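The structure under discussion appears below in the form of C-alpha cells.
The values are calculated or read from the model by the stated rules, or taken from the named source; none is laboratory data. Just so we're clear, the structure is a prediction, and the values are computed from it rather than from any experiment. Quick reminder, even Gly has a Cβ in these numbers, built from the backbone with ideal geometry, and neighbours come from all protein chains shown. SASA here: full protein model, heavy atoms, side chains in, ligands and nucleic acids out. Shrake-Rupley method; radii C 1.70, N 1.55, O 1.52, S 1.80 Å.
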Amino acid sequence: MNSSDANNKPAKNVPLLPAASQLAPPTYIPAVPARWTPADSVDENPSFSLMDYWDAIRRYKFVVFAFVVVGALGALVLSSLQTPMYRAHTSLEVEDLNENFQNLKESDPTAQAPSAESYFQTQVKILQSREMIELVIDKLNLMQRMASPKHFWSGWIHRNSNADPVLQQALQRQQVIDGIQQNLTVQAWGEARTAEIFYDNSDPRLASDVANTLVQTFIGESREIRWNSTQNTAEWLTGHLKELDKNLRNSEAKLQEFARSTGIILSSDKQDVAGHNISEDKLKQIQEELSRAQGDRTQKQADYETAKNTPIESLSPTQNNPALQNYLIKMADLKSQLANLSATYTPEHYKVQQVQAQIADLQKAIDSERANLLRHSKDDYEAAQRRQQLLAAAYEDQAKSVSDMAGKTIQYANLQHEVDTNRELYDALLLRIKQAGLAAAMRSSNVVVVDQAKPPVLPYRPNFPMNTALGLMTGLFVGVGFVLMRDRFNRNIEAPGISQGYLRLPELGVIPAAKLASRRFAWLPASTKAPLQLKSDGHDSVTREHANLAEAYRATLTSILLPTLHGEGPRVLVLTSPDPGAGKTTVTSNLGMATAEIGRRVLLVDADLRRPRLHRLFEIPNSFGLTDILRITTPLEDIPVNQLVRQTKIPGLCLVPSGPTTDGLSSLLYSPRLAEFLQRVAKEFDLVLIDAPPMLHFADARVLGRHSDGVILVLRSGQTKRDAAMLARQRFDEDGTCVLGTILNSWDLKNFRSPYAYAYSDAYKYNAAV
C-alpha cells in the first residue's frame with residue numbers, strides 16, 4: 001500500500017459518519033443556556049475526603065520525602081552538636097514509718113495522721129529540696145568540681161570592680177544549685193513506695209557520685225530529724241512533769257480539808273460517795289412508807305364513800321358485817337311471807353299485820369347496823385389520812401437534809417475528780433518520758449537503697465536513634481501538612497470533573513499528557529509541539545503513548561459531534577482558552593485531524609492574529625490568510641473556495657492561515673465580511689474549527705463567538721486557574737454566546753483528584769491491554 005492509499009483510506013474499526021454530501025443544509029441552532037453567574041458554581045472551598053488527601057500525598061510524594069530527609073538530617077546535625085550527657089541511676093524504697101511508735105504522736109500537739117501516699121510524696125519533695133542539694137555540694141566539694149553555666153547577673157558582677165566577694169560566692173553557689181536541680185530527675189511510684197533518682201552530667205563519675213551522695217544524705221537527714229524530734233519531745237515532757245506533780249498535791253490537800261469540814265461519811269468505794277450516805281437511805285425508807293400510806297388512805301376513802309352512797313342491799317359482802325348480812329336475809333324472807341299472805345288475806349288480817357311488825361323491827365336493827373358500819377369506815381379513813389400527812393411532813397424534812405448533803409457530796413466529787421485527773425496526767429506523762437527516752441536511743445531508718453548508682457558507660461544524650469526518628473516524624477508531619485495545605489488552597493484545575501462543578505458546563509473531553517499516553521494508533525507527532533500526523537509505513541513503529549492520545553481526541557470529537565435535540569450538531573466552533581499556554585492550537589489541530597479521519601471535511605481557521613501557529617504546524621505559507629480575506633473588497637461569492645483555503649497533507653483537512661500581520665488586527669474581526677466568510681465555509685465544510693486567542697487578554701474570541709455555533713474552552717491541567725475559567729464563562733454568558741463545554745488538556749494520568757479521574761484511568765489501562 002502506497003502513501004496516498006494509506007492517507008485516503010480510513011482507519012480500521014472506526015465507524016464512518018456520513019460525508020458532507022449526504023448531510024442536510026446547516027440548520028444547527030445552539031441551545032443558549034440560562035444566565036450563569038459565579039454564584040451558581042459550587043462552593044469555593046469544597047469539602048475533601050480522605051481519598052482526596054491520599055491522592056494529594058501521592059502526587060507530591062517527593063516533596064514529602066524531601067521534608068522527611070531534611071528533618072532526619074537536621075536531627076542528626078543537632079544531635080552531633082550537643083555535649084554528651086551521662087545519666088546515673090539509683091533507686092530507693094521508702095517504707096511506711098510508724099510515727100506513733102510508743103504512742104509518742106499522742107504527746108505531740110502538732111502531730112497529724114497523714115496517709116501513706118502523702119507521706120511518700122512529702123519524702124520525695126524533701127529529696128529534691130534545696131537543703132539536700134546544698135549538703136551534697138558541701139560533701140562532694142562541687143563548688144570546685146562542677147563547671148556551672150553563666151548566671152544572668154554574672155557578667156554584670158564581674159564587670160563591676162567593686163563587687164562584693166560574698167555576693168560572688170553566693171552567685172557561684174546558686175549557679176551550682178541551679179545546675180544540679182536542672183539535671184536531677186526523681187520519678188516516684190506511689191504504689192510500690194519506690195523512687196528512681198536520675199542525675200545527668202557530662203562526667204559519668206561525677207554523675208554517680210552526686211546520685212549516691214544525695215541518697216545517703218537523705219537517709220542520714222531523715223534519721224537525724226526523727227531523733228531530734230524525739231529528743232525534743234522528751235525534754236518538753238520532763239519540763240511539764242514537775243508542774244503536774246505540784247497540781248496533784250494541791251488537789252489532794254483540798255479534798256481532805258473539805259471532807260473534815262463537812263463530816264461526810266464515806267463508803268469503802270470512794271466513787272459511790274454521793275449515792276450511799278445515811279440520809280439518802282432514810283429518805284428512801286420514808287418515801288416508801290409515804291407511798292404505802294397514800295395507797296391505804298385512798299383505799300379507805302373509797303370504802304367510806306361506797307358505804308355512804310350505796311344502798312345497804314347493794315353493798316358487797318366484804319363491806320357488811322355478819323349480823324347485817326343475817327338481818328338482810330331475814331328481811332328478804334319476811335318480805336316473801338308478806339307477799340304470800342297479801343295474796344290470800346287482807347291487810348287487816350292478823351297474820352299480815354304480825355309479819356309487818358316483824359319487818360319494822362328488823363328494819364330498825366338494819367339501820368342501826370348500817371350506822372355503825374359507816375362510823376367505823378369513817379374512822380379508818382380519817383386515821384389513814386392523818387398517817388399520810390405525818391409521813392409527808394417527815395419526807396419534806398428528810399429531803400431538805402438530803403439536798404444539803406447532796407451539794408456537799410457533789411463538791412466533794414468534783415474535788416475527787418480533780419485529784420484523779422491530775423494523778424492520771426502525772427502517770428501518763430511519766431510513762432511518755434520513759435518511752436521517749438527509749439525511742440531516742442533507737443536511730444532506725446525507713447529508707448532502703450535498692451540500687452547503687454554506678455558510673456554510666458554510654459551517654460544518655462544525645463539519643464541519635466530517637467532524635468533521628470523524631471526528625472523523621474517531624475519532617476513527615478510538616479511535609480504532609482505542607483502538601484495538604486498547598487493542595488487545599490490550590491486554585492488550579494488539575495483533574496477531570498473539577499471544571500464541571502465550578503463552571504456548570506459539560507466536560508467534552510480529557511486529553512492526557514503525551515508522555516503518559518498509551519495504546520497503539522496510526523498517528524505520530526512530528527515533534528513535542530506538533531499535531532499528530534498520519535503515518536504511512538504501517539503500525540509497527542507507532543508507540544503506545546500516541547494511541548491513548550488519539551483515543552482521547554476521538555472521544556472529545558464524539559462529544560462535540562453528537563446530534564443535539566434539534567437533530568444536528570454544530571458546524572462552526574471557536575476554540576479558545578482563558579489564558580495563554582493552555583494548548584488550544586494543539587487541541588484544534590488534532591481535533592481537525594480526528595474529524596478528517598472519519599471522512600468529514602474540516603476547515604481550520606487560525607484567528608490568533610497576533611501569535612499564529614497553525615501554518616507552521618502544517619507547513620503551509622502564511623502569505624495569504626484571514627487578514628487578507630477580511631481586508632479585500634472582492635465579494636466572497638466571486639472567489640472560489642480553493643483560493644480562500646489551503647489544502648494540508650491530510651486528506652479532508654484544510655486550513656485558513658492568519659495571514660500577514662497588519663495594523664488594526666482587532667478591528668478586522670468587526671468587519672461584516674467575517675460573518676459572510678463563516679457562512680460561506682460552513683456550507684462547504686462539515687465542520688469549521690476556529691483557533692482564537694486567549695479571551696481574557698483579547699476580545700477576538702468574544703467577537704468570533706457571536707458568529708459561531710458555540711465556543712469550547714480549552715483548560716490546561718495544573719495551569720488554568722478556576723477564577724480565570726469562571727471569568728471567561730461569565731464573559732461569554734454576558735455576551736449571549738453559547739459555551740458548549742470544556743476540554744481538559746495535558747492531564748497527568750498519575751494525578752488522581754476526582755472520581756472522574758479513575759474512570760479515565762481505567763479506560764486508558766483497558767486500551768493499553770488491547
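Key figures for this structure:
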read-out: Search result, residues across region 410-429 that are small (G, A, S) and free of Cβ contacts under 8 Å to residues at least 60 places away in the same chain; value: A428
read-out: Residues of region 661-692 that turn out to be assigned to a loop (DSSP other than H, G, I, E, B), closer than 17 Å to L604 by Cβ and either touching a Pro at 6+ places or on another chain (Cβ under 8 Å) or of a type in the set (D, E, K, R) (or both), as a count; value: 1
read-out: Residue in region 452-465 that is open to solvent by 70 Å² or more (accessible area, probe 1.4 Å), closer than 30 Å to L73 by Cα, part of a helix (DSSP H, G or I) and among the aromatic types (F, W, Y) present; value: yes
read-out: Pick from region 126-148, criterion surrounded by 11 or more Cβ atoms within 10 Å (Cβ to Cβ) and assigned to a loop (DSSP other than H, G, I, E, B), ranking: modelled with the lowest pLDDT; value: S148
read-out: The listed residue being surrounded by fewer than 20 Cβ atoms within 10 Å (Cβ to Cβ), touching a helix residue (DSSP H, G or I) at 6+ places or on another chain (Cβ under 9 Å), closer than 22 Å to P621 by Cα and among the aliphatic types (A, V, I, L, M), out of V641, V656, V645; value: V641
read-out: In region 339-365, the residues that are open to solvent by 70 Å² or more (accessible area, probe 1.4 Å) and either over 17 Å from L328 (Cβ atoms) or assigned to a loop (DSSP other than H, G, I, E, B) (or both); value: N340, A343, T344, Y345, T346, P347, E348, Y350, K351, Q353, Q354, Q356
read-out: Residue list for region 167-200, restricted to those being within 32 Å of the chain's Cα centre (by Cα) and surrounded by fewer than 16 Cβ atoms within 10 Å (Cβ to Cβ); value: T185, V186, Q187, W189, G190, E191, A192, E196
read-out: L524, sole failed condition from (1) open to solvent by less than 10 Å² (accessible area, probe 1.4 Å); (2) modelled with pLDDT under 90; (3) not in a helix (DSSP H, G or I); value: (1)
read-out: Per-region count, region 463-498, residues of a type outside the set (S, T, N, Q), without any contact (Cβ under 8 Å) to a residue 24 or more places away in the chain and within 28 Å of V510 (Cβ to Cβ); value: 2
read-out: Subset of region 694-710 (residues that are under 26 Å from E568 (Cβ atoms) and touching a Leu at 6+ places or on another chain (Cβ under 7 Å)); value: V703, L704, H707, S708, D709, G710
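This table checks each residue for (1) basic (K, R); (2) more than 18 Å from L591 (Cα to Cα).
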position: D686; (1), (2): no, no
position: P694; (1), (2): no, yes
position: H697; (1), (2): no, yes
position: G705; (1), (2): no, yes
position: S708; (1), (2): no, no
position: L713; (1), (2): no, no
position: G718; (1), (2): no, yes
position: K721; (1), (2): yes, yes
position: A724; (1), (2): no, yes
